[in-house]
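Undergrad: Quick one: the structure is below, and I'll ask about it shortly.
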Amino acid sequence: MTRLTFGLRTAAWVSTVVASFAFVGDLNAAQKPAAKPSAKLALAQMPETFPGPMLSRFLDGPMKGVEEIVFAVRVPGRDHWYVTFGNYADDSEYAQRLGFKKEEGVHWGYSEGGRLCRKNLRTGKVTTVFEDMKGGVRDPQLSYDGKKILFAYRKGGTHPFHLCEINVDGSGMRQLTDGTDDDIEPTYCPDGSIVFCSSRCRRMPSTNNDHDNTPWMLPDGRLIYMRWEYVDRSQVHFHHLWTTNPDGTGQTVFYGNMAGGIAMLDAKPIPGTVKIVASFSPGHGRPEHLGPITVVDPRFGPDDPRGARTVSKTGDWKDPYAFSEDCFLVANPKGLFVMDGDGNVEMIHQLPESERAQFQCHEPRPVQSREREPIIPSRVDLSAPTGRLFLEDVYHGRNMAGVERGTVKKLLVLQQLPKPVNFSGGMEPLTIGGSFTLAEVVSEAPVEADGSAFLEVPAMRSLFVVALDKNDMAVKRMHSFVTVQPGETVGCVGCHENRQSAALPVRASLLAMKRPPSPVQPIRDVPSVIDFPRDIQPILDRHCVQCHNTDRREAKVDLTGDKTAMYCISYWTITMRGLISDARNEPFANRAPYSYGSAASRLLKLADGSHHGAKLSDLERKTLRLWIETSATYPGTYASLGCGSYPVHVPYGTMMKRCGECHRGKDHDRRGKEFTTLIMGAVHGHRLEPIENISRPEKSLIIRAPLAKAAGGLQLCGKPVFADTNDPLYREMLGALRNAHDRLMAGKRFDMPGFRPNEHYIREMQRFGILPKNLGPNDPIDVYATDRAYWNSFYHQPVATVAR
């Protein structure tokens, strides 16, 4: 993972790495635009004379005074844009196929070989500044006086990238960071500090659970960067441009947060304008940030598609650097180019033919001095444990129609919990098609009659809020997260208000401002992180299972906690029958009030006493409601990831012959390829897991439905398929279910006594210092306590001030 912070650490990934922003102290002190289809470059060769006509024109114009550029040479990544450092977490086929090498039991996302080069744009002379053909070089940036190069370097024979600084002539190299974590994408700040992305994950200035990338200074002293997030939204759609002050205060969207499908990377200012240039890498982002070069004008506002103009004529560009709106340095898999404002290009550098199949050029930057941006004074008070959130009017927003004043009574404050490891591009087993992360209940705070609120919140957390009515039902949810630095006060005008509208008139009479901020008030009688088997299933057992069990199946509903291959029957039933409305992992946000969450979840209505007398206690209802608001996950621990799944290997071929006449159907895999499968009911589709009971195999619906009633079955197929339990196919299917049961009993799941997480979770927790290095193979692990220690390690610890 990479994010902006003062110090960070890595979470492993299979198809994800996460990074954060970090700081090094003062060095002196120690609607989206359509991407045009990729096409073969018409000018993918050097001009006959150098410099060519376009470069010559630029050198006489906007690039006047630029003699040289620096750039990196390295092997490009194979996977998504973020897989250029670190390791895959497991030994899956995916990791084997896309990783470059296997060392220390894991596959690594980078290859070997890199150098830092300088090229004279007037003579064509290329000079190697630094080289390590077993290491890696990336992300060069010039100092303000143009005499030093800051870059990320991975020494040959080691895994982590560290920040280094070297004179432009190759002398005086010194290493600035160390440790076992990766530090990349650095940028100088005007106060002498450095902001960079890192896998240290120490949460300052950014607390993002996912990637923040490619920070760069803006002329006004703020930083612009790409923020990838999927709080309440799709995990692959939202990677947009944000800004922050260098101390982490004032984090706000710059462009694109309401429209998905583009990874907006490598943003940099265009001199003499308020505009920026960036690579708009399509979809979930292509390797090495490839995409159309795009100019963004923020004067249209952060959500207006007119603000983005595609410059390039093809979509295979990266690493833009602007001298004007009509002059850009850009990189391409074929080499380095200059590009004008109409997308016309001219090659300015190409690698030797012997290297082109393996290496590419990256990150071209001019060797020149530049003015320092203004220094924005820090507003952080590291002695403070909290910051403050101020909301002027919760009823002011783009999609609050029909919500009468006085409806919203309080705010429920939640936080996304840091994730130590991923094993796939999916959310399993946390949810079925929903959230990819766990959420925690932090506190509640009142909303005044005029719609205002003022509250303290823990500093340096990924927080989001839910507006609740008098019955504690969800009116609206945030669909993003906010971070408050220690001592910072962050204000909102309204609820998803239009960012292009003027602020509301200042009202001195705001009720929330007439009192101190509401303190952090945790909810004490409900677990802050809710676990379905531990906290929700007992409620169902007390009120629902008497009628909705494997034998009675009233209304064809089974709410028993018997385990399936990855989840349990009740969790499948609640999810697939739409008994809850979670509304997460969708490619859009800002839904209508009362259309999702607790207010739109039928399960709460069915438990209010109107459904055959099933009435929950106040505490049970509160627990169920908060479970829904905190993502309605199955486990309450990340130790569940990558383990605890015991598929049932049913004999599909034989079943197709016996059952295919009624249950044969078509479906599509994730790539859209059609295949023939068994369709076992409209509710479950091609998924057989919900009808495969591996706790009690004989109770599995998959074998009871076709079994004759006289033989103890349900005979739901009309004419019995199995006359009795001696049918060979019945015996074979039961044997497969029993095999899964035996594997479950031997391997366990997170909610079972004796459960032990997989080796990858243990390895990462040992890397993070949460579990001891000398942990024995049979030593018990309290996974809930381990997760809690991991989460606590991120939290801000106030620094005592010394009186002067």
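Undergrad: Here are some residues: Lys119, Lys155, Lys147. Which one is surrounded by fewer than 19 Cβ atoms within 10 Å (Cβ to Cβ) and out of contact with any Gly (no Cβ under 9 Å at 6 or more places or on another chain)?
TA: Testing whether each residue is surrounded by fewer than 19 Cβ atoms within 10 Å (Cβ to Cβ) and out of contact with any Gly (no Cβ under 9 Å at 6 or more places or on another chain) leaves just Lys147.
Undergrad: Here are Arg227, Arg233: which of them is among the charged types (D, E, K, R) and not in a loop (DSSP other than H, G, I, E, B)?
TA: Arg227
Undergrad: Next question, about the same structure. Considering only residues of the stretch 693-713 that are open to solvent by 30 Å² or more (accessible area, probe 1.4 Å) and of a type outside the set (Asp, Glu), which is farthest from Gly561 (Cα to Cα)?
TA: Ranking the candidates gives Ala710 first.
Undergrad: Restrict the check to the stretch 396-412 and report whether at least one residue is buried (at least 24 other Cβ atoms within 10 Å of the Cβ) and of a type in the set (D, E, K, R).
TA: No, the stretch 396-412 contains no residue that is buried (at least 24 other Cβ atoms within 10 Å of the Cβ) and of a type in the set (D, E, K, R).
Undergrad: Hey, another quick one. Show me the helices (runs of 4 or more DSSP H) entirely contained within the stretch 728-804 in which 2 or more residues are aliphatic (A, V, I, L, M) and closer than 26 Å to Pro647 by Cα.
TA: Per the criteria, 728-747.
Undergrad: Within the set of pairs 6 or more residues apart or between chains, which connect a residue that is closer than 20 Å to Val137 by Cβ inside the stretch 179-202 to a residue that is basic (Lys, Arg) and modelled with pLDDT of 95 or more with Cβ atoms less than 7 Å apart?
TA: Close Cβ pairs (under 7 Å, with a partner that is basic (Lys, Arg) and modelled with pLDDT of 95 or more) amount to Ile184/Arg138.
Undergrad: Right, next: Looking at the stretch 67-78, which of its residues are of a type outside the set (Val, Ile, Thr), touching a Phe, Trp or Tyr at 6+ places or on another chain (Cβ under 9 Å) and surrounded by fewer than 22 Cβ atoms within 10 Å (Cβ to Cβ)?
TA: Answer for the stretch 67-78, where residues must be of a type outside the set (Val, Ile, Thr), touching a Phe, Trp or Tyr at 6+ places or on another chain (Cβ under 9 Å) and surrounded by fewer than 22 Cβ atoms within 10 Å (Cβ to Cβ): Pro76, Gly77, Arg78.
Undergrad: Let me ask you something else. Could you give me the residue pairs with C-beta distances under 8 Å whose first residue belongs to the stretch 360-376 and is closer than 24 Å to Val137 by Cα, whose second residue is of a type in the set (S, T, N, Q) wherever it lies, and which are 6+ apart or on separate chains?
TA: The qualifying pairs are Arg365/Gln141.
Undergrad: Shifting gears a bit: Can you tell me which residue is nearest to the chain's Cα centre (by Cα) among those in the stretch 242-253 that are crowded, with 24+ Cβ neighbours inside 10 Å and under 16 Å from Ile276 (Cα atoms)?
TA: Trp242
Undergrad: Limited to the stretch 459-473, what total is found for residues that are closer than 20 Å to Leu417 by Cβ and touching a strand residue (DSSP E or B) at 6+ places or on another chain (Cβ under 6 Å)?
TA: 7
Undergrad: For Ser528, all conditions in the list (1) touching an Asp or Glu at 6+ places or on another chain (Cβ under 6 Å); (2) open to solvent by 30 Å² or more (accessible area, probe 1.4 Å); (3) assigned to a helix (DSSP H, G or I) hold save one; what is the number of the exception?
TA: Failed condition: (3).
Undergrad: Can I ask one more? Within the stretch 214-241, track down each residue that is within 18 Å of the chain's Cα centre (by Cα), within 19 Å of Ser198 (Cα to Cα) and open to solvent by 10 Å² or more (accessible area, probe 1.4 Å).
TA: Within the stretch 214-241, Thr214 is the sole residue that qualifies.
Undergrad: Return the pairs, sorted by first residue and then second, in which the second residue is modelled with pLDDT of 95 or more and surrounded by fewer than 14 Cβ atoms within 10 Å (Cβ to Cβ), the first residue lies in the stretch 117-140 and is closer than 17 Å to Glu363 by Cα and among the hydroxyl-bearing types (Ser, Thr, Tyr), the beta carbons are less than 9 Å apart, and the residues are 6+ apart or on different chains.
TA: Thr127/Asp169
Undergrad: I've got another one for you. Go over the candidates Arg542, Arg552 one by one and state the one that is within 16 Å of Lys622 (Cβ to Cβ) and open to solvent by 10 Å² or more (accessible area, probe 1.4 Å).
TA: Arg542
Undergrad: Same structure, new question: Based on this model, can you work out whether Ala331 counts as touching a His at 6+ places or on another chain (Cβ under 6 Å), under 30 Å from Met460 (Cα atoms) and small (Gly, Ala, Ser)?
TA: For Ala331, the condition - touching a His at 6+ places or on another chain (Cβ under 6 Å), under 30 Å from Met460 (Cα atoms) and small (Gly, Ala, Ser) - is not met.
Undergrad: Does Val106 satisfy the criteria of being touching a His at 6+ places or on another chain (Cβ under 9 Å) and either closer than 27 Å to Phe423 by Cα or open to solvent by less than 40 Å² (accessible area, probe 1.4 Å) (or both)?
TA: It is true that Val106 is touching a His at 6+ places or on another chain (Cβ under 9 Å) and either closer than 27 Å to Phe423 by Cα or open to solvent by less than 40 Å² (accessible area, probe 1.4 Å) (or both).
Undergrad: Okay, moving on. Mind listing whichever residues of the stretch 159-191 are at pLDDT 95 or above and small (Gly, Ala, Ser)?
TA: Gly170, Ser171, Gly172
Undergrad: Looking for something surrounded by fewer than 21 Cβ atoms within 10 Å (Cβ to Cβ) and assigned to a strand (DSSP E or B) - is there at least one such residue anywhere in the stretch 368-381?
TA: No.
Undergrad: Can Arg154 be described as among the basic types (Lys, Arg) and under 27 Å from Val83 (Cβ atoms)?
TA: Answer is yes for this residue.
Undergrad: Something else: Inside the stretch 653-672, can you point out the residues that are exposed (fewer than 13 other Cβ atoms within 10 Å of the Cβ) and more than 35 Å from the chain's Cα centre (by Cα)?
TA: Gly653, Lys657, Glu661, Arg664
Undergrad: Has the stretch 554-567 got any residue that is among the acidic types (Asp, Glu), at pLDDT 95 or above and not in a loop (DSSP other than H, G, I, E, B)?
TA: no
Undergrad: Of all residues in the stretch 595-626, how many are surrounded by fewer than 18 Cβ atoms within 10 Å (Cβ to Cβ) and closer than 26 Å to Phe238 by Cα?
TA: Adding up the residues that qualify gives 1.
Undergrad: If you take the residues in the stretch 435-450 that are out of contact with any helix residue (DSSP H, G or I) (no Cβ under 9 Å at 6 or more places or on another chain) and at pLDDT 95 or above, which one is farthest from Phe532 (Cα to Cα)?
TA: Ala445
Undergrad: Which residue pairs have Cβ atoms closer than 8 Å, lie 6 or more positions apart in sequence or on different chains, and pair a first residue in the stretch 408-428 that is among the small types (Gly, Ala, Ser) with a second residue that is open to solvent by less than 10 Å² (accessible area, probe 1.4 Å)?
TA: Close Cβ pairs satisfying both conditions: Ser424/Val14; Gly425/Val14.
Undergrad: Also, I was wondering about something else. So in the stretch 54-76, with the set limited to residues that are of a type in the set (A, V, I, L, M) and part of a strand (DSSP E or B), which one is farthest from Cys164 (Cα to Cα)?
TA: Here the answer is Ile69.
Undergrad: Now, a different point. Just checking, how many residues over the stretch 616-649 are of a type in the set (A, V, I, L, M) and within 25 Å of the chain's Cα centre (by Cα)?
TA: 5
Undergrad: On to the next question. If the Cβ limit is 6 Å and pairs must be 6+ apart or interchain, which residue in the stretch 330-344 that is part of a strand (DSSP E or B) pairs with which residue that is open to solvent by 10 Å² or more (accessible area, probe 1.4 Å)?
TA: Here the result reads Asn332/Asp316; Gly335/His349; Gly335/Gln350; Leu336/His349; Phe337/Val345; Val338/Met54; Val338/Glu346; Met339/Val345, each pair linking the stretch 330-344 to a residue that is open to solvent by 10 Å² or more (accessible area, probe 1.4 Å).
Undergrad: Would you check which residues across the stretch 427-476 are assigned to a loop (DSSP other than H, G, I, E, B), among the charged types (D, E, K, R) and open to solvent by 20 Å² or more (accessible area, probe 1.4 Å) and list them?
TA: Glu428, Glu448, Asp450, Arg461, Lys470, Asp472, listed by residue number.
Undergrad: Which fully enclosed strands (runs of 3 or more DSSP E) of the stretch 252-322 have 2 or more residues being modelled with pLDDT of 95 or more and within 22 Å of Ile184 (Cα to Cα)?
TA: Filter on the stretch 252-322 gives 262-269, 276-282.
Let's see how each residue does on (1) under 30 Å from Glu488 (Cα atoms); (2) among the hydroxyl-bearing types (Ser, Thr, Tyr); (3) over 21 Å from the mean Cα position of the chain (by Cα):
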residue: Arg763; (1), (2), (3): no, no, yes
residue: Phe768; (1), (2), (3): yes, no, no
residue: Pro777; (1), (2), (3): no, no, yes
residue: Thr786; (1), (2), (3): no, yes, yes
residue: Tyr790; (1), (2), (3): yes, yes, no
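The values are calculated or read from the model by the stated rules, or taken from the named source; none is laboratory data. A quick note: this is a predicted structure, and the numbers were derived from the prediction, not measured. Please note: Cβ atoms are built from the backbone with ideal geometry, for glycine as well, and neighbour counts cover all protein chains shown. These area figures cover heavy atoms from the full protein model, side chains too; ligands, DNA and RNA do not enter into them. Shrake-Rupley method; radii C 1.70, N 1.55, O 1.52, S 1.80 Å.
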